[in-house]
Amino acid sequence: MNNTAASPMSTATSSSGRSAGKSVSFAAELQSMMFSLGDARRPLHETAVLVEDVVHTQLINLLQQAAEVSQLRGARVISAEDLLFLMRKDKKKLRRLLKYMFFRDYKSKIVKGIDEDDLLEDKLSGSNNANKRQKIAQDFLNSIDQTGELLAMFEDDEVDEVKQERMERAERQTRIMDSAQYAEFCESRQLSFSKKASKFRDWLDCSSMEIKPNVVAMEILAYLAYETVAQLVDLALLVRQDMVTKAGDPFSHAISATFIQYHNSAESTAACGVEAHSDAIQPCHIREAVRRYGHKIGPLSPFTSAYRRNGMAFLAC
């Protein structure tokens, strides 16, 4: 499978070839999402634009790969099965997606007024009649699982350390907020790509695709888009932490040297110079996070994806 998309590492403007979707932007929503994920209360617009470019580039490439898988299956649409197939090698992220699909079914049942007790009984008894998304995932994984590892994830209650860290970070954020800031934070936490489904489709320019994603596939893509934003913020915060020289730590300077060496240019120095005046994540933090993620450098190596393409590793799968 071929991937020729340009990496957004070198510029904060879109380099992923957006044409029809160029007028559609999630930059404003991304600023709110980034705030809820650990960035400053007023994230930088230029950082949000770069994050948008990274997310868009990755989603377009993921769609291209999913379309190829769909064609091999002889299907007419991109479905959840195609995306699950692409994610099958990263068990942690696949487990996270399966939980998301279960909770989407759960939410649908609540909206339709089904009692919570009935829902739990269905889950415990293994009934999938009403669990549309979960049934799709279970049936497909059963068809490709030769070892039982994939199906075992449906019964796995392992604590998601990444999600746990994000929740703890959010709790620390809210400790110093007043009521107005907390209300804004809560509102930001509610934002997602799935709540703006029509805009999301236009952003991905789905109308121009020969093989289009179906409804469930679009839900998964919206979820993966948000997860990509969350992981970019996670990694950028680690990069920013590495930049801070720690008193009494003889290795702190050496850790930051990788960052300094990579950004030894006038443009990068100017971009990072804002750091002294702002707690917000800078574009250079995002670029360095993507670079480290793709090259398995230092403390970010545990985050490296098992699913890789030419130029830039996929963050969400």
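The values are calculated or read from the model by the stated rules, or taken from the named source; none is laboratory data. None of the values given here were measured: they were computed from a predicted structure. Because the Cβ atoms are built from the backbone with ideal geometry, glycine has one as well, and the counts that use them run over all protein chains shown. Remember, those area values only see protein heavy atoms, side chains included, never the ligands or the DNA or RNA. Shrake-Rupley method; radii C 1.70, N 1.55, O 1.52, S 1.80 Å.
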Within region 21-47, how many residues are assigned to a helix (DSSP H, G or I), closer than 16 Å to Leu235 by Cβ and not polar (S, T, N, Q)?
-> 4
So Leu86, is it crowded, with 23+ Cβ neighbours inside 10 Å, over 21 Å from Lys199 (Cα atoms) and within 17 Å of the chain's Cα centre (by Cα) = no
Residues being open to solvent by 50 Å² or more (accessible area, probe 1.4 Å) and among the hydroxyl-bearing types (Ser, Thr, Tyr) - total across region 153-202 | 3
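Yes or no, residue by residue, for (1) under 18 Å from Leu221 (Cβ atoms); (2) modelled with pLDDT of 95 or more; (3) out of contact with any Phe, Trp or Tyr (no Cβ under 8 Å at 6 or more places or on another chain):
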| position | (1), (2), (3) |
| --- | --- |
| Met1 | yes, no, yes |
| Ala5 | yes, no, yes |
| Arg41 | no, no, no |
| Ala75 | yes, no, yes |
| Ile78 | yes, yes, yes |
| Met87 | yes, no, no |
Residue count, region 61-81, condition over 19 Å from Lys135 (Cβ atoms), outside any helix (DSSP H, G or I) and touching a residue at least 24 places away in the same chain (Cβ under 8 Å), comes to 1
State all residues of region 136-152 that are modelled with pLDDT under 85, open to solvent by less than 80 Å² (accessible area, probe 1.4 Å) and part of a helix (DSSP H, G or I); if no residue qualifies, say none.
-> Leu150, Leu151, Ala152
Condition test on His45, is it open to solvent by less than 40 Å² (accessible area, probe 1.4 Å) and modelled with pLDDT of 95 or more?
-> no
Do we find that Phe154 is aromatic (Phe, Trp, Tyr) and farther than 20 Å from Leu97 by Cα in this structure?
-> no
Filter pass, Asp205 being of a type in the set (Asp, Glu), surrounded by fewer than 20 Cβ atoms within 10 Å (Cβ to Cβ) and modelled with pLDDT of 60 or more | yes
Would you check if there is a residue in region 169-190 being free of Cβ contacts under 8 Å to residues at least 24 places away in the same chain, part of a helix (DSSP H, G or I) and among the aliphatic types (A, V, I, L, M)?
-> yes
